[in-house]
Amino acid sequence: MRHLLAASDLTAEQALAILDTAREMEAVQAREVKKLPTLRGRTIVNLFFEDSTRTRSSFEIAGKWLSADVVNVSGKGSSVSKGESLRDTALTVTAMGVDAIVVRHPASGAAHRLAGWVDCHVINAGDGTHEHPTQALLDAYTLRERLGSLAGRHVAIVGDIAHSRVARSDVTLLTALGARVTLVGPPTLLPAGVGSWPCATSWDFDRVLRGAVDGPVDAVMMLRIQRERMGGGYFPTEREYAAEYGLSPERLALLGETAPVLHPGPMNRGLEISSAAADSPRSAVLRQVRSGVAVRMAVLYQILGGAGAPEAGVEAAGQ
Ligand code: NCD
């Protein structure tokens, strides 16, 4: 695999291989010495043009635990704020001899463009409202941990679907792994063309939670209302949105007792998710964060590690 730009870059077999490798990587996280020598001598640049807490630090920790050198370059504080183009910034970074760029950018398609300009590996860490493939992998990983297999499972993804690259990548990956997905949100927040996506849609969260749309729900993923990508007017008031689409304690009670609650973060507590849901034992939000490091280690390993079994590195670290 040369790049990871979209969830559709992965066959189901490749995705499962990454998830299995991630499980081995997670076993390493439990050790006192977490480092593997696998990517020693490799350099990864995190090129982030949008704010990020978990994705950037997760890629940084993943790279470091594989012994790569990781450099962070952000839009703020770099020559981008002096007007440098994405292409010039990328070519400048690669001229230093880096092996991979992990890129986050507000423009949909930016990661694909970048991959056409540079000769190193490119991993998409979120481009506009388009794709966020490693988030989809960590969501799939978390769901597998909680539900066993994804085959035949019904996942409801709820909220601001229109602006969500997570929803796009999740629909592709989760359905490829055999799950059924129902997207739930007000019509204004369902994207144009959603009818052609391989999933059901609904405007009625309560009906979905009662199992009236494509059967009982095995897991629910709440999405952040992305105010920074909105011009306003998508719903009357935040109060009304929370009343119709927020995961309130009452709605949490409608969910099956073993059904996990996911959220990619950052959460708007009191808007799309109540604190009761976010902090309940069913919440998998911090599990997702933890899974994220293991999954990104697996992705970096698959892309940069070359031949050889991951166990080789795992064993070396244990010596
Ligand atoms: C998501 C993103 O940036 O797309 N967050 C994340 O990567 N953890 C979702 C969001 O910003 O709401």
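Would you say residue 52 is crowded, with 17+ Cβ neighbours inside 10 Å and without any contact (Cβ under 8 Å) to a residue 60 or more places away in the chain?
When the stated conditions are applied, residue 52 does not pass them.
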Discussion item. Just checking, does the range 169-176 include any residue being within 15 Å of the ligand (Cβ to nearest atom), under 15 Å from the mean Cα position of the chain (by Cα) and without any contact (Cβ under 8 Å) to a residue 40 or more places away in the chain?
Written reply: yes
Worksheet entry | Candidate set from the range 116-134 (those that are on the phi < 0 side of the Ramachandran plot and assigned to a loop (DSSP other than H, G, I, E, B)); member that is nearest to the ligand (Cβ to nearest atom) | 132
Worksheet item: Which of the following residues is more than 23 Å from the chain's Cα centre (by Cα), among the acidic types (Asp, Glu), outside any helix (DSSP H, G or I) and more than 16 Å from the ligand (Cβ to nearest atom): 250, 240, 257?
Response: 257
Worksheet, complete the sentence: Considering residues that are in a loop (DSSP other than H, G, I, E, B), within 12 Å of the ligand (Cβ to nearest atom) and buried (at least 22 other Cβ atoms within 10 Å of the Cβ), the number found within the range 260-291 is 3
Item to complete: Answer yes or no: is there a residue in the range 55-69 that is polar (S, T, N, Q), within 29 Å of residue 28 (Cβ to Cβ) and buried (at least 19 other Cβ atoms within 10 Å of the Cβ).
Response: yes
Worksheet, complete the sentence: Per the filter on the range 195-224, residues within 17 Å of residue 170 (Cα to Cα) and either within 16 Å of the ligand (Cβ to nearest atom) or loosely packed, with under 15 Cβ neighbours inside 10 Å (or both) are 195, 196, 198, 220, 221, 222, 223, 224
Worksheet, complete the sentence: Across (1) in a loop (DSSP other than H, G, I, E, B); (2) modelled with pLDDT of 95 or more; (3) surrounded by 13 or more Cβ atoms within 10 Å (Cβ to Cβ); (4) not β-branched (Val, Ile, Thr), residue 235 clears everything bar (2)
Worksheet item: Could you give every pair whose Cβ atoms fall below 8 Å, whose first residue belongs to the range 76-103 and is over 21 Å from residue 123 (Cβ atoms), and whose second residue is at pLDDT 95 or above and part of a loop (DSSP other than H, G, I, E, B), counting only separations of at least 6 or pairs across chains?
Response: none
Response to the item:
Within the range 234-275, the residues that are of a type in the set (Val, Ile, Thr) and touching a strand residue (DSSP E or B) at 6+ places or on another chain (Cβ under 6 Å) are 261, 273
Worksheet item: Across the range 7-55, which residue is farthest from residue 266 (Cα to Cα) among those that are assigned to a strand (DSSP E or B) and away from the ligand (no atom under 16 Å from the Cβ)?
Response: 43
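The values are calculated or read from the model by the stated rules, or taken from the named source; none is laboratory data. Only a predicted model underlies this, so the values are computations on that prediction, with no experimental measurement involved. When we count neighbours, we look across all protein chains shown, and the Cβ atoms used for this are built from the backbone with ideal geometry, even at glycine.
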